[in-house]
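Colleague: Quick one: structure below, then a few questions.
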Amino acid sequence: MPILGCVADDFTGATDLANTLVKEGARTVQLLGVPRADDPVPEADAIVVALKSRTAPVREAVADSVAALDWLLAAGCRQAFFKVCSTFDSTDAGNIGPVADALLARLGAGFAPVCPAFPTNGRTVYLGHLFVGSVLLNESGMENHPLTPMRDANLVRVLGRQTQGSVGLVPFAAVDQGAGAIRAAFNALRDQGKRYAIVDAITDAHLRAIGAASDNLALMVGGSGLAIGLPETWRAAGLLAARSDAAILPPAQGRAAVIAGSCSRATLAQIGFARDHVPTLTLDPLARPDAAALAQDAVAWAEAQPTDRPIVIAASATPDRVEALQRALGRDAAGHLIEQTLADVAEALVARGVRRLVVAGGETSGAVVSRLGVRRLAIGPEIDPGVPWTYAPDAAGGLHLALKSGNFGGRDFFLKAFAMLENAR
Ligand code: ADP
């Protein structure tokens, strides 16, 4: 019987969370999209349902998230986890607040801790303010995100604008004292009528303490880091018998490709690095805002490349070019155009023998794997923090996939990813 049921608001985030749980020794399976009532419950300690709800209309995001939770509860999960981005990607309309409100209501619970910290990747929360590396969230480049520009680093305020409930803070001073002090702070905030507590965390030890303090809570809301301490608390409670290892994925074969739709600084740097080493194409949607035509050109280019080396196809652009496309088409239509194009490209590449695919960008990953009909992922070894190789047995007779959150990974991520598969042969 699964212990933890997770609803993730995007596909890369889901993989990141599943990766964390696997590294901590919990058997974890990732399902893509709301499971159907008759889908079998996987043999696992944790099940992560990946949704594409981060930027969906609020009602749709809420409906899908509650449907996913219902399935997880019916599967026997005893605690729920709502996985959001470690940069808290959202707008004043949502979707973090409205979805969390709906999940709490469905669980009949009145309080949840909220913490997006992921210290290994430089995301820390201090006095409610989210830092990315050494700068505040709103100076990290996230203020220019095409869909969810983050212009306020104070998460108490950010979440406060999105929820019907009120938001308090468990500050560093309490978190640093450990699980007992955190539990006491939760109780105090609950007594004050707070629905959420933004919880400071600067180190993994803080996240482990928060996990231990949350064992009796129906819902936790956060980044993958917030799950880091959970398997240990399950072991301590006798719920989890032994440590299990990451799945050993089948040997990789077929062509290798990268599809990038993230416009984050990290992804732009990774594309720049790849350009010096492997064939790399950057699409120009401004010159030709037509998904079918853009995809056709990209596929024709791909067909002309040597088959023994990875190729990179990117829509990713600098903030000025993103803004120009959004001005020309409108924000939603611009995002839709790119996602449609990259999904078309992915489908065509897989039809032409690509079996090792890296996708950069959360929304982009959602669009691509939905198109490829992927419904279930086994989690394999980690490439860079938060990004494992995964394997989709039900797509194209077996497909290796790495779904990379835009801002994750070092400059050499793409080449490193494929080298890892080569070495595993
Ligand atoms: P991240 O993980 O960095 O947030 P996402 O894939 O979630 O990346 O989001 C990036 C968004 O930017 C996508 O919706 C994508 O369609 C959009 N996008 C990509 N390239 C461009 C471009 N050249 N102009 C405008 N929008 C773009």
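Colleague: Taking only segment 89-106 into account, find how many residues are surrounded by 24 or more Cβ atoms within 10 Å (Cβ to Cβ) and in a helix (DSSP H, G or I).
Modeller: 4
Colleague: Going by what's in this entry, would residue 321 be described as within 27 Å of residue 142 (Cα to Cα) and either open to solvent by 40 Å² or more (accessible area, probe 1.4 Å) or without any contact (Cβ under 8 Å) to a residue 12 or more places away in the chain (or both)?
Modeller: Working: within 27 Å of residue 142 (Cα to Cα): yes; either open to solvent by 40 Å² or more (accessible area, probe 1.4 Å) or without any contact (Cβ under 8 Å) to a residue 12 or more places away in the chain (or both): yes.
So residue 321 passes the test.
Colleague: A further question follows. Any residue in segment 145-153 that is outside the structural domain of residue 361 (by TED's automatic domain parsing), touching a residue at least 40 places away in the same chain (Cβ under 8 Å), open to solvent by less than 50 Å² (accessible area, probe 1.4 Å) and over 24 Å from residue 331 (Cα atoms)?
Modeller: no
Colleague: Please determine, by comparing only the residues of segment 328-351 that are more than 19 Å from residue 54 (Cα to Cα) and within 10 Å of the ligand (Cβ to nearest atom), which one is least open to solvent (accessible area, probe 1.4 Å).
Modeller: Only one residue fits best here, namely 341.
Every residue, every condition in (1) modelled with pLDDT of 95 or more; (2) within 18 Å of residue 9 (Cβ to Cβ); (3) hydroxyl-bearing (Ser, Thr, Tyr); (4) within 16 Å of the ligand (Cβ to nearest atom), yes or no:
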{"position": "363", "(1), (2), (3), (4)": "no, yes, no, yes"}
{"position": "386", "(1), (2), (3), (4)": "no, yes, no, yes"}
{"position": "394", "(1), (2), (3), (4)": "no, no, no, no"}
{"position": "400", "(1), (2), (3), (4)": "yes, no, no, no"}
{"position": "404", "(1), (2), (3), (4)": "yes, yes, no, yes"}
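Colleague: Assess whether residue 70 counts as being of a type in the set (Asp, Glu) and not in a loop (DSSP other than H, G, I, E, B).
Modeller: yes
Colleague: Another question, then. Scanning for something in contact (Cβ under 8 Å) with a residue 60 or more places away in the chain and part of a helix (DSSP H, G or I), does segment 188-195 turn up at least one residue?
Modeller: Checking segment 188-195: at least one residue is in contact (Cβ under 8 Å) with a residue 60 or more places away in the chain and part of a helix (DSSP H, G or I).
Colleague: In this structure, is residue 382 away from the ligand (no atom under 12 Å from the Cβ) and either out of contact with any Leu (no Cβ under 6 Å at 6 or more places or on another chain) or open to solvent by less than 50 Å² (accessible area, probe 1.4 Å) (or both)? Talk me through it step by step, then tell me what you get.
Modeller: Details: away from the ligand (no atom under 12 Å from the Cβ): yes; either out of contact with any Leu (no Cβ under 6 Å at 6 or more places or on another chain) or open to solvent by less than 50 Å² (accessible area, probe 1.4 Å) (or both): yes.
So residue 382 passes the test.
Colleague: Take the residues in segment 366-379 that are open to solvent by less than 10 Å² (accessible area, probe 1.4 Å) and either under 19 Å from residue 274 (Cα atoms) or assigned to a strand (DSSP E or B) (or both); name whichever of them is nearest to the ligand (Cβ to nearest atom).
Modeller: In this case the residue turns out to be 377.
Colleague: Got a sec? Which of 410, 397 is assigned to a loop (DSSP other than H, G, I, E, B), at positive phi and surrounded by fewer than 18 Cβ atoms within 10 Å (Cβ to Cβ)?
Modeller: Of the residues listed, the single one that is assigned to a loop (DSSP other than H, G, I, E, B), at positive phi and surrounded by fewer than 18 Cβ atoms within 10 Å (Cβ to Cβ) is 397.
Colleague: Hey, among 316, 244, 262, which residue is within 25 Å of residue 119 (Cα to Cα), in contact with a helix residue (DSSP H, G or I) (Cβ under 7 Å, 6 or more places away or on another chain) and in contact (Cβ under 8 Å) with a residue 40 or more places away in the chain? Can you show your working first?
Modeller: On the way: 316 fails: within 25 Å of residue 119 (Cα to Cα); 244 fails: in contact with a helix residue (DSSP H, G or I) (Cβ under 7 Å, 6 or more places away or on another chain).
After applying the criteria, what remains is 262.
The values are calculated or read from the model by the stated rules, or taken from the named source; none is laboratory data. Small disclaimer: the values here were computed from a predicted structure and weren't measured. Backbone-built Cβ (ideal geometry, glycine too); neighbour counts: all protein chains shown. Calculation scope for accessible area: heavy atoms of the full protein, side chains included, ligands and nucleic acids excluded. Shrake-Rupley method; radii C 1.70, N 1.55, O 1.52, S 1.80 Å.
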